[in-house]
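Below: one structure, written as structure tokens.
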Amino acid sequence: MSDNFSGISRRDFLKITGTLAVGATLANPMLNRVFAGQSSLGRTSSCEFFKTLCGLDNTAINKLLGIALSKGGDYADLFADYSINNSIILEDRIIKNASRNISAGIGIRVLKGDQTGYAYSEDMTFESLKNAALTAANIANETGKSISLNVTNKKVKNYYEVSLPVSEVELDAKIKLLKESEEAAFLKDKRVIKVSANMLDSERYIVVANSENLLMEDYQPLMRYNVSVIVEEDGKRQSGRMSGGGRLGMEYFSKIKTPEKFAHEAVDQALLLLTAKNAPAGPMPVVLSPGDSGILLHEAIGHPLEADFNRKGTSAYSGRIGQKVASELCTVYDGGTVPNDRGSINFDDEAVASNKTTLIENGILKDYMHDRISAKYYKVKQTGNGRRESYKYFPIPRMTVTYLENGTSDPTEIISSIKKGVYCKNFSGGQVDISNGDFVFNPTLAFMIEDGKITYPVKNFTLIGNGPEVLTKVTMVGNDFKFSDGMWTCGKGQSVPVGVGLPTVKVSEITVGGM
């Protein structure tokens, strides 16, 4: 990068934007010779891996962090990231695609006040990393500052022990699983006319080190399995889809859900939708089923509680710590400590160990989700929510696993308490306006509740409401808490895997709108 950007000096550009990002997209021959020909990285130490890959040992890390602080920055960190992502797609009884993507790079961040300097390199030679460190250092403007560091490895609890990562399994074994789902779907019902199945898996090595002499390393496995079907009857077609996974290995398919069960659930969903009627419109009670319905909590409540929105005053919850924001039945947590959950992390991307953060307790707003910058602003501890998609990004406050605490009501009592309403079982996602909490969600499978009983399936509708208002309208919380089977990815400029969960929940009123 030259010293001028559209006529603005580099220093002035940093003052205006508060952020500097530079990427070097260069071929790295080391990637071709390290672990060449192996089906996986193997589960060695992350630090040993990067030392083998590019000579990034503690001595090199100390030097790079010292260079990053050489112009007067307050704080610096280094994020080393090597990921392998695999994908297989089975469709129309053939393998349509099988791919592997390797991503590797190192990002260096410098903080000066509330400003961020950031640079990354995919050429992981020391000279290139030195240049990245100097680039990030430009957030400050002192000269000749000498920094001596001695990073020390800190161990934390591992929340995703895996006996056999999916990424270490031969391709034929994965294809066999997909074919089992396909065959089971076609055998389930003669109205099935199309089946597709795919498996995504990844393994990731990361090392995070900072100018507070802290170094942490992690090996992160991840997998997701999806089955989609189309059914047809009397010229009408409907689709069904089931997904699941997490930070799990091949044991998932024997202990949690078999390929056949994925297929059967997808077919059942599609067949129900063949008989579904359009939902009536208007305000009415809504019951959220346990597990996947937690995506409503994630979008309508979780995002507005991320501290960057509140620090900027753009969230409906800004300045409301200590206030009553929900029904006393509502206690909401976020934490990366749920064993093997898709959203779990042993530590965040700022080297803060995962913990369970109480966001709302008995209706009272207790805390936001913080990264380093927001925690400093609010003068509180970091909550382990500084996350990033990859080395190409600096961390920002993000959710991990967000969930509503179990209640005491029997789910059958919740249903029987409703004269007319809607029971929502599955969702395809939704949108929320952070500034006021207004949301729109799209249920994929739902049922009418009439005279205290679940009756017929309904389709073609949305749920329209306001997150803060909805929480105050929670009148019953079930005793059947469930985490969603790992399927959700959250986008906020960057994509990260997340988890959700809740028990059966009754909301006294949400607007049901037609599509």
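The values are calculated or read from the model by the stated rules, or taken from the named source; none is laboratory data. The structure displayed is predicted, hence computed values, not measured ones. In this analysis, Cβ positions are derived from the backbone assuming ideal geometry, glycine residues included, and neighbour counts consider all displayed protein chains.
In the range 168-183, the residues that are aliphatic (A, V, I, L, M) and modelled with pLDDT of 95 or more reach residues that are surrounded by 21 or more Cβ atoms within 10 Å (Cβ to Cβ) and in a helix (DSSP H, G or I) with C-beta atoms within less than 9 angstrom, at least six apart or across chains, in these pairs: Leu177/Pro259; Leu178/Pro259.
Let's see how each residue does on (1) surrounded by fewer than 23 Cβ atoms within 10 Å (Cβ to Cβ); (2) touching a residue at least 60 places away in the same chain (Cβ under 8 Å); (3) of a type in the set (Asp, Glu); (4) assigned by TED's automatic domain parsing to the domain that holds Ile193:
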{"site": "Leu271", "(1), (2), (3), (4)": "yes, yes, no, yes"}
{"site": "Val286", "(1), (2), (3), (4)": "no, yes, no, no"}
{"site": "Pro290", "(1), (2), (3), (4)": "yes, yes, no, no"}
{"site": "Ser293", "(1), (2), (3), (4)": "no, yes, no, no"}
{"site": "Leu296", "(1), (2), (3), (4)": "no, yes, no, no"}
{"site": "Gly302", "(1), (2), (3), (4)": "no, yes, no, no"}
{"site": "Ala316", "(1), (2), (3), (4)": "no, yes, no, no"}
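Please enumerate the residues belonging to the range 117-144 that are β-branched (Val, Ile, Thr) and crowded, with 24+ Cβ neighbours inside 10 Å.
Once the filter is applied, which keeps residues that are β-branched (Val, Ile, Thr) and crowded, with 24+ Cβ neighbours inside 10 Å, the range 117-144 yields only Ile139.
Among the residues of the range 489-501, is any small (Gly, Ala, Ser), within 16 Å of Ile415 (Cβ to Cβ) and in the same structural domain as Ile454 (by TED's automatic domain parsing)? No, the conditions are met nowhere in the range 489-501.
Residue-by-condition table, conditions (1) part of a strand (DSSP E or B); (2) of a type in the set (Asp, Glu); (3) closer than 20 Å to Leu53 by Cα:
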site: Ser181; (1), (2), (3): no, no, no
site: Leu187; (1), (2), (3): no, no, no
site: Asn198; (1), (2), (3): yes, no, no
site: Val207; (1), (2), (3): yes, no, yes
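Condition check for Arg387 on (1) surrounded by fewer than 22 Cβ atoms within 10 Å (Cβ to Cβ); (2) over 14 Å from Leu305 (Cα atoms): one failure, at (1).
Of all residues in the range 102-111, those satisfying the criterion of being crowded, with 21+ Cβ neighbours inside 10 Å and of a type outside the set (A, V, I, L, M, F, W, C) are Gly105, Gly107, Arg109.
Say whether the condition of being in contact with a Lys or Arg (Cβ under 8 Å, 6 or more places away or on another chain) and closer than 19 Å to Ser428 by Cα is met by at least one residue in the range 458-468. Yes, the range 458-468 has at least one match. Residue count for the range 152-166 satisfying the condition of being surrounded by fewer than 22 Cβ atoms within 10 Å (Cβ to Cβ) and not in a strand (DSSP E or B): 9. Residues in the range 443-460 that are in contact (Cβ under 8 Å) with a residue 24 or more places away in the chain and surrounded by fewer than 21 Cβ atoms within 10 Å (Cβ to Cβ): Thr444, Met448, Glu450, Asp451, Gly452, Lys453, Ile454, Tyr456, Pro457, Lys459, Asn460. Per this entry, Ile147 is not counted among residues that are under 24 Å from Asp201 (Cβ atoms) and either charged (D, E, K, R) or surrounded by fewer than 23 Cβ atoms within 10 Å (Cβ to Cβ) (or both). Applying the set (1) under 30 Å from Ala263 (Cα atoms); (2) touching a residue at least 12 places away in the same chain (Cβ under 8 Å) to Ile94 leaves exactly one unmet item: (2). Among the conditions (1) modelled with pLDDT under 50; (2) under 25 Å from Phe394 (Cα atoms); (3) among the aliphatic types (A, V, I, L, M); (4) over 24 Å from the mean Cα position of the chain (by Cα), Val34 misses just one, which is (2).
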